[in-house]
Amino acid sequence: MNKNKKSGGFAVIATLFLLLFIAELFFCTWCRVECRDFNYEIRRHEAERERLLKDRSRLNVEIERLKSPERIGRIAREKLGLRPPSSEQVIVLP
């Protein structure tokens, strides 16, 4: 009977160590998968950031083009019919 108790206790301890080892393997695997997914997410965000920086640069060029005095003067003359003021229309303030 004493031998049976020892062999049963060993089986329980061995089973617990085996379960602990399996749990550790699952945890390590989960950590690696999460790390890999996080790295993929970082790469996606970096690519999105690069795209947004290019868009911002393109939009800044577009803003400068739209603000150019030549363009504004052309629109004033062609679409709005504006002309430079004549000397009679200029009022000089003291």
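General remarks:
- Length gained when the stretch Phe27-Glu62 is fully extended (0.36 nm per residue, less Cα-Cα span): 7.4 nm
- Computed lengthening from Leu19 to Ser87, 0.36 nm per intervening residue step minus Cα-Cα distance: 14.7 nm
- Average accessible area per residue (Å²) across the range 3-91 - probe 1.4 Å, nucleic acids and ligands excluded: 97
- Label zone at Asp37, where the point sits 7 Å out along the Cα-to-Cβ direction: the range 13-29 residues whose backbone N lies under 17 Å: 26-29
- Degrees separating the helix 2-66 axis from the principal Cα axis of the chain, which is the longest one: 10
- Highest-fluctuation residue, Ala11, Ala23, Ala47 considered, GNM on the chain with Cα pairs under 10 Å: Ala11
- Accessible carbon and sulfur surface of the chain relative to its total accessible area, %, 1.4 Å: 64
The values are calculated or read from the model by the stated rules, or taken from the named source; none is laboratory data. Computed from a prediction, not measured in an experiment: that's the story for all the values here. Every residue, glycine as well, gets a Cβ built from its backbone with ideal geometry; the counts of neighbours run over all protein chains shown. Remember, those area values only see protein heavy atoms, side chains included, never the ligands or the DNA or RNA. Shrake-Rupley method; radii C 1.70, N 1.55, O 1.52, S 1.80 Å.
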